[in-house]
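The structure under discussion appears below in the form of structure tokens.
The values are calculated or read from the model by the stated rules, or taken from the named source; none is laboratory data. Everything numeric here is computed off the predicted structure, so don't read it as measured data. When the accessible area is computed, the model is the full protein with side chains, heavy atoms only, and any ligands, DNA or RNA have been set aside. Shrake-Rupley method; radii C 1.70, N 1.55, O 1.52, S 1.80 Å.
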Amino acid sequence: MEAVIRVVDALKSFRETRLSTLRTPAEFFDIHRISRPADLNTAVSRLTYNTRYFSGNYTLVVAALAVYSIIASPLLLLSLIFLFGGFAVINRFEEVYGQFVTQKTLYTGLFVVGIPLLWFSSPFMTLFWLIGASACLILTHACLIEPGVESEYANIEGAV
């Protein structure tokens, strides 16, 4: 029960910190603000501003890509369900077919089956795909979207 309360508190704090900066889809997908940066300095300044300004939206992009990558790989999804389900179920069993079995034995059996299953599902390929796809989308969006007028005033407020 204590773990559930900690998870709920962590989700609330995540929602308050990260998702409070969530911008509207109209602002995030504003095609009128797309332009090619003039030089590298402009691209870097856009990148630094937009990654802070759209951080909530970029978090959702990464989360959506992570969900897609897990669903698109059925063996990875099966192995994750098997491992996490095994962890949840092991704590509830004390007897299996009328014989007392220790948790150590159950965890050993879970790992003997689960780790090779997880290895064949190529989680590292999925992780590197997620990193590459997220970086490509986020960097492209952050460099191509012109900062709004409020970005000019943000520099003035910081100087005062």
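Screening the chain for whole DSSP H helices with an alpha carbon extent of at least 24 angstrom along the helix axis and a mean Kyte-Doolittle hydropathy of at least 1.0 yields 55-72, 103-120, 123-144. In this structure the chain gives 73 Å² per residue of accessible area when probed at 1.4 Å with all protein chains present.
Pop out the carbon and sulfur fraction of the accessible area of segment 15-75 as a percent, whole number, probe 1.4 Å. Each step should come with its number before you reach the end.
On the way: 2660 of 4060 Å².
Whole-percent figure for carbon plus sulfur exposure: 66.
From the C-alpha gyration tensor of segment 1-87, pull out the three semi-axes of the equivalent ellipsoid (sqrt of 5λ each), sorted largest to smallest, in whole Å. Write out the running numbers ahead of the final one.
Numbers: eigenvalues 235, 74, 25 Å².
The equivalent ellipsoid of segment 1-87 has semi-axes of 34, 19, 11 Å.
Within segment 91-151, the ratio Rg/Rh, alpha carbon atoms throughout and Rh by Kirkwood, equals 1.44. Once C-alpha pairs closer than 8 Å and six or more residues apart are averaged by separation and normalised to the residue number of the chain, the relative contact order reads 36 percent.
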